[in-house]
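I have placed the structure first, in the form of structure tokens, so that the comments after it can refer back to it.
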Amino acid sequence: MLNASLSVAPLSPSAAPQRAAIPGSYGWPVIGPLSDRLQYFWLQGPQNFFAKRMEKYESTVFRTNVPPAFPFFAGVNPNVVALLDVKSFSHLFDAELVDKSNVLVGDFMPSVNYTGGIRVCAYLDTAETKHGQIKDFAKDILRRSASTWVSSMTTTLDAMWDSLESQLAAAGDGGSASYIFPLQEFLFSFLSLTLLGADTSAFPEIKKSGHIMIDKWLAVQLLPTISINVVQPLEEIFLHSFSYPFWLVKSDYQKLANFVENGAGETLARAQTEFKLTKEEAIHNLIFMLGFNAFGGFSLFFLSLLSSLSEQKPGVQEELRKEVREKLSNNILSFETVREMDLVNSFVYETLRLNPPVPQQFGRARKNFDLSSHTTVYEIKKGELLCGFQPLVMRDPKIFENPEEFVYNRFSKKRGGEDCNILKTRSSPEQPSSSYRSKQNPGVVFVVICARWIGISLFRFMTDIGASGGSYSGYDIFN
Ligand code: HEM
């Protein structure tokens, strides 16, 4: 799993792990899940919710409930076994041990109406034939588009900087510009080009509002699981007590499906001829990959990347900028140049470590098995739902020195750290001996390369990064 050589703190040669019963409880029916839900969303917030229980039980593995729960989620079982250290978390990605069907966001699964009436790849278990077909299709898309990532990124990013620049000019001296929507507009165009082979400029309505359509589609299906915590208790009453119906976003979803059908003809044809998918399966899986996996993941990740950059001391920004300028002295941006940027790479990985865009991962035990944390072995029963909460897993003090601290050069080769495989190793690679395929995110390399690119682009164009509350200020040149 996690590359142990990253661990700056040595693992102590401890005694053999002891067996123990899993601490924690699910409480009284209805009251236990409801009370946990209120703590999770309102009184503590997700990270504190897990941290406080870890402290209370003095264990990184324990039983608890996670939302959604009560009153209108009758079929949803909120009971999970939480896994909060790197060692126990790694079991989640052993396909021999866990079944991944329908557990992308927990026992709760948004209606399949949100995905054209079919279960898309991320909801399929690795034992399902369809999973392999769609996964191969996804990998093929990324492989084929790799040669155009650079040019597509450059063109669409330039449009984003232009948009920000004109917003700033309009705001006048000392003004600021909101970067969230320009960033999302860029992401939508860039991902459509690279993943679908579809140019949004040929579809004016989609170009203008495709990113907003995806935002709404994501929000409505995920509301019961998302913590916003700004207008409590209204949020608990109106956002977390029931699931929202698909018809709220039906017409937008149809527009996105038409866009894929008309704009991604070649990709759809390959899905049918080479990967034996039906046209419908291809369309809805493409929307999900584009909107949920890629756009959703990148939107959150880039926002944390920008805020990590803005929080750095000027000296750190200067060091990063210096590396970018030195490596780009001949002004040629290529895969190789991007790979050579040791500090930028480390910065990207450190951002992913502390702010994993997808905080939770779930898996259901296929059979009874022993699960080990760093110190203890627990018995897991077939059918139990395991829930890893990454923001705490990635702060495992047995793996990371000063785990709470953002150390921008933690993974820099110069500093002696190895290239970090945090994102890549969240899922185990394909094992030829296994009867199951892996659930590894096929977009891993793409994600990391794109993130480095964004960082590089920022440092090429800006002299001082100041980002707060979704808006930018305080930089003085745009090339
Ligand atoms: C910052 C961006 C991204 C993040 C944070 C991210 C994260 C993840 C995570 C955590 C999973 C595993 C979910 C689970 O089973 O529990 C996953 C799966 C997946 N991701 Fe990504 N992803 C990103 C970008 C992409 C991109 C660009 C693609 C493009 C094809 C992609 C395609 C997929 C697919 C198809 C799966 C399902 C894999 C399977 O079922 O075997 N992701 N992603």
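For the stretch 53-61, 3J(HN,Hα) computed residue by residue from phi via the Karplus equation (6.51, -1.76, 1.60; θ = phi - 60°) reads 6, 4, 5, 4, 8, 6, 8, 8, 10 Hz, glycine and proline entered as x. Label sites at SER307 and ALA219, each approximated as a point 7 angstrom past Cα along Cα to Cβ, lie 1.7 nm apart. Extent of the stretch 121-189 along its three principal axes (Cα atoms, max minus min coordinate, largest first): 59, 27, 12 Å. For the stretch 295-342, pairs of C-alpha atoms spaced more than 17 angstrom apart make up 51 percent of the total. Name the shape class, rounded, prolate or oblate, that the alpha-carbon gyration tensor gives for the stretch 4-472, where a ≥ b ≥ c are the square roots of its eigenvalues, rounded holds for a/c under 1.5, and otherwise prolate holds if a/b is larger than b/c and oblate otherwise. Verdict is rounded for the stretch 4-472.
Between GLU280 and LYS139, the contour length at 0.36 nm per residue exceeds the alpha carbon distance by 48.9 nm.
Pairs from the table (LYS135/LYS439; LYS56/LYS382; LYS100/LYS279) lying more than 18 angstrom apart at Cα are LYS56/LYS382; LYS100/LYS279.
Using the Cα gyration tensor of the stretch 73-114, with a ≥ b ≥ c the square roots of its eigenvalues, what is the shape: rounded (a/c below 1.5), prolate (a/b larger than b/c) or oblate (neither)? Verdict is prolate for the stretch 73-114.
Projecting the Cα atoms of PHE459, SER243, HIS91 onto the charge dipole of the chain, computed from C-beta unit charges around the Cα centre, puts HIS91 farthest toward the positive end.
How far, in nm, would the chain grow between TRP247 and ALA171 when pulled straight, counting 0.36 nm per residue and subtracting the alpha carbon separation? Could you put the intermediate results ahead of the total?
Details: separation 76, 0.36 × 76 = 27.36 nm, distance 3.83 nm.
Contour length minus the Cα-Cα distance gives 23.5 nm.
If R0 is taken as 30 Å, the Cβ-Cβ distance between GLN18 and ASN77 corresponds to a FRET efficiency of 0.55.
Taking 0.36 nm per residue of separation and subtracting the Cα-Cα distance, full extension of the segment from ASN48 to GLU404 would add 126.8 nm.
Can you tell me how the stretch 124-247 classifies by the Cα gyration tensor, rounded, prolate or oblate, using a/c under 1.5 as the rounded cut? Taking the square roots of the gyration eigenvalues as a ≥ b ≥ c, the stretch 124-247 is oblate.
Can you figure out the FRET efficiency of ALA159 with LEU300, using R₀ = 30 Å and their beta-carbon distance, to the nearest 0.05? Write down the numbers at each step before the final one.
Details: r = 21 Å, r/R0 = 0.72.
For R0 = 30 Å, the calculated efficiency reads 0.90.
Each Cα pair under 8 Å and six or more residues apart adds its sequence gap; the mean of these over the residue count of the chain is a relative contact order of 26 percent. Partner lysines whose Cα lies under 28 Å from the Cα of LYS414, excluding those fewer than 8 positions away in the same chain, are identified as LYS87, LYS313, LYS322, LYS327, LYS398, LYS424.
Computed from point charges on the beta carbon alone (+1 for Lys and Arg, -1 for Asp and Glu), the dipole magnitude for the chain about its Cα centre is near 1060 Debye.
Values in this text are rule-based calculations from the coordinates and carry no lab data. In this text the structure is predicted, and so the values were computed from the model without any measurement. All Cβ positions, glycine included, derive from the backbone under ideal geometry; neighbour counts span all protein chains shown.
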